[in-house]
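Step one of this worksheet: look at the structure below.
The values are calculated or read from the model by the stated rules, or taken from the named source; none is laboratory data. This one's a predicted model, so the numbers in the text were calculated from it and none came from an experiment. All Cβ positions, glycine included, derive from the backbone under ideal geometry; neighbour counts span all protein chains shown. Surface areas here come from the heavy atoms of the whole protein model, side chains and all, with no ligands, DNA or RNA. Shrake-Rupley method; radii C 1.70, N 1.55, O 1.52, S 1.80 Å.
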Amino acid sequence: MGADKDHPYSEAVVAGDLVFLSGCLPAPADVAPGAGRRELLDAAVKTVERRLKSVGGSLDDVIKLTYFVTDIGMREAANEQYLDLWEEPRPARTVIGVAVLPYNEQVEIDAIARKA
């Protein structure tokens, strides 16, 4: 996917046997009005999944994710999501509380994956 003046970055970059994803926000089409924490996290992961697919990868290739959240209370929902999405050993993960995210979103996720 090409960059534009509002988004002058690559969504996914392959470097050797690794894939680096830029921050993934929940796509509006994936979020119902009034969505809860888990729905927002799931929508952001769908964006991760789409970007991985664009370079031939999948969620199974993820080795590290960083969650940026405007409410650190989303950590519990992120833990539930991890249990649902990945078997042991699960990817490494960091959850960071931030004051604000682009487009007033509540979650943004970046990822590192193995190149499939």
> Which numbered condition trips up residue 116, out of (1) modelled with pLDDT of 95 or more; (2) assigned to a loop (DSSP other than H, G, I, E, B); (3) of a type outside the set (Phe, Trp, Tyr); (4) closer than 19 Å to residue 14 by Cα?
Replying inline: (1)
>> I'd like to verify a number: residues in segment 44-63 that are surrounded by fewer than 19 Cβ atoms within 10 Å (Cβ to Cβ), in contact (Cβ under 8 Å) with a residue 40 or more places away in the chain and aliphatic (A, V, I, L, M), how many?
In response: 2
> What number goes with the only condition from (1) modelled with pLDDT of 95 or more; (2) closer than 15 Å to residue 109 by Cα; (3) open to solvent by 20 Å² or more (accessible area, probe 1.4 Å); (4) of a type outside the set (S, T, N, Q) that residue 16 does not pass?
Replying inline: (2)
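Residue-by-condition table, conditions (1) part of a helix (DSSP H, G or I); (2) under 21 Å from residue 12 (Cα atoms); (3) among the small types (Gly, Ala, Ser); (4) open to solvent by 30 Å² or more (accessible area, probe 1.4 Å):
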{"position": "33", "(1), (2), (3), (4)": "no, no, no, yes"}
{"position": "42", "(1), (2), (3), (4)": "yes, yes, no, yes"}
{"position": "65", "(1), (2), (3), (4)": "no, yes, no, no"}
{"position": "82", "(1), (2), (3), (4)": "yes, no, no, no"}
{"position": "94", "(1), (2), (3), (4)": "no, yes, no, yes"}
